[in-house]
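Any read-out appearing in this document is the output of simple, stated calculations on the displayed coordinates, not a laboratory observation. These numbers come from a predicted model, not from an experiment. For neighbour counting, all protein chains shown are included, and Cβ atoms are generated from backbone atoms with ideal geometry for every residue, glycine included.
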Amino acid sequence: MSRRAAALAGTIAAAAFAVAGCSADDEPSTKAPATYTSVPAPAMPSGSVAPSSAPASENGSATGEQPNVKRGAETGEAGVDVLVTVAYQGGKVTPPAGVVDVKVGNKVKIKVTSDQSQNIDVQDLPDKSADVSAKKPEDIDWTVTKPGDTKVTLRESGALLVTVHAS
């Protein structure tokens, strides 16, 4: 076969290939593709808290949030927007310290139980502290006035109970 014939055969083959999938009565497809490709999420280091991609509600909650966090009417307490319940037993915080998202203006209440007497401290709020004993749970509450993180800790053990993140 000559070069000219080979080039002509290649051109005809390319044109036939291009036309083979099309016809005059074809309409663009509006159906989704039959298969989807998913990309796995990046691995999180052990102990990391994955950010939530769920939409936040009026009080700053996200669906699938921690079971020890109640919001709005779920708190069962008038005027309390966010209620967090934590326990300190045997040197461990249960559930493990996490981040709770709130909005500026929310009233936050933390309910703490402990197997030993300790002082509960709210970072950057020197007038907000309370004593919890092994015999009696203790509550501490405040209204969030500025955005940022506020850590709630036990003074004697240095244990972090929760971080309240306000936006």
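What distance in nm lies between label points placed 7 Å from Cα along the C-beta direction at ALA73 and LYS135?
About 3.9 nm separates the two model spin labels.
What does the extension gain come out to for SER117 and SER167, with contour length at 0.36 nm per residue minus their alpha carbon separation?
Gain in length upon complete extension: 14.7 nm.
Using the basic label-point model (7 angstrom from Cα toward the beta carbon), what is the ASP149 to VAL104 distance in nanometres?
Computed distance between label sites ASP149 and VAL104 equals 1.9 nm.
Report, for the stretch 66-127, the % of DSSP beta bridges that are antiparallel, rounded to 5.
45
Nearest 20 debye, what's the magnitude of the dipole of the stretch 99-165 about its Cα centre given +1 on Lys and Arg Cβ and -1 on Asp and Glu Cβ?
Here the stretch 99-165 has a charge dipole of around 200 debye.
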